[in-house]
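Only one structure is covered here, and it is reproduced in the block below.
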Amino acid sequence: MAGGNQTTTEYIQHHLQNLVFGNHPEHGWGFAHSAQDAADMGFWAIHLDSLLWSAGLGVIFCWLFYRAARKASTEVPTGFQNFAEWIIEFIDSTVKDSFHGRNKMIAPLALTIFVWVFLMNLMDLIPVDLVPWAFSLLGVHYQKIVPSTDPNVTLGMALAVFILMLYYSFKIKGVGFIKELTLHPFNHWAFIPVNLFMEVVGLLAKPFSLGLRLFGNMYAGEMIFILIATMYSAGLILGIFGGFLQMGWAIFHILIITLQAFIFMVLTVVYLSMAHEDH
């Protein structure tokens, strides 16, 4: 928590700094020791904490559902089997309501997105000082454990959705997709530049809004947790008050965590449904 040799500003900046590995123009390949080092490493620097935490949570998701599938039985189901079946049925009904094409990949994709994003968001409920403190004992001084607060992660997922949108648009519509971009909304050759500009802007806005919406909401939630944590170094009374604030915000944040995972999943399904519609 804030205190000791750290000011409140330094404490906040420390908790918002990723563990970055890259090629520094002066020091070569290695880990960034400050925000300035991370900036000097440029675009191709890797946020190792976001990468490893997101991959690890993905492995946990796969293992949990694999375990549930292996132990599935028509007899009295276990509690986790009931929970897994409930999630699958919920995702399946949502996909049926939102997706109007025929593609067996959409429902598994929606399930993967919902559970994976939910698990990444759920990391925001871990006390903000716990994991960074534990890693500092190992000599690792920066550690962000909420991958969805990193725009590289959220925009990377949105980019994958965008690639699927383009793939299915060309696969289902063929030349018709080009006609959509050039002859809509004004069906005349003279308006092709205007149509193309409007449609391309609208097309590019989808992945950007998809990724930035998730990042913005989760980043704001993480920032509030960090700001409340600074109250612990301001005396006993403010520390106790900060503890109640943390509990209240954590309870409310559970709704945000779930809602943001659901929104990301639904928008992905809707965008892919639009890619399958051939006018």
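With a simple spin-label model that places each label point 7 Å from the Cα along the Cα-to-Cβ direction, the separation between Asp278 and Val140 comes to 4.9 nm. Once you wrap a convex hull around the alpha carbon atoms of region 186-279, what is its projected area averaged over all directions, in nm²? Result: 8.3 nm². Candidate values (1) 197; (2) 186; (3) 118 were compared with volume of the Cα convex hull per residue in Å³ computed on the shown model; the agreeing label is (2). The GNM of the chain, with springs linking C-alpha atoms under 10 angstrom apart, assigns the highest mean-square fluctuation among Lys173, Lys71, Lys96 to Lys71. Calculate the length of the line joining the C-alpha centroid of region 1-70 to that of region 214-267, in whole Å. The two parts, judged by their Cα centres, are 20 Å apart.
Residues Arg213, Arg70, arranged from fewest to most other Cβ atoms within 10 angstrom of their Cβ, appear as Arg70, Arg213. For the chain, the mean residue ellipticity at 222 nm estimated from helices alone is -23500 deg cm²/dmol, where every DSSP H run of n ≥ 4 contributes -39500 (n - 2.57) and the total is divided by all residues, rounded to the nearest 500.
What is the gain in length, in nm to one decimal, between Lys171 and Ala39 on full extension, counting 0.36 nm per residue of separation less the C-alpha to C-alpha distance? Before the final figure, lay out each step's value.
Working: separation 132, 0.36 × 132 = 47.52 nm, distance 4.02 nm.
Full extension of this stretch gives 43.5 nm more.
Shape analysis of region 108-212 based on the Cα gyration tensor places the equivalent ellipsoid semi-axes at 42, 15, 10 Å, largest first. Ignoring aspartates and glutamates fewer than eight residues from Lys173 along the same chain, the ones with Cα atoms less than 18 angstrom from its Cα are Glu199, Glu277, Asp278.
With the simple spin-label model, which puts each label point 7 Å out from Cα in the Cβ direction, the Ile263 to Ser73 separation comes to 4.2 nm.
Coordinate-derived values only; no laboratory data. What you see is a predicted model, and the numbers here were worked out from it, not measured in a lab. Every residue, glycine among them, receives a Cβ derived from its backbone with ideal geometry; neighbour counts consider all protein chains shown.
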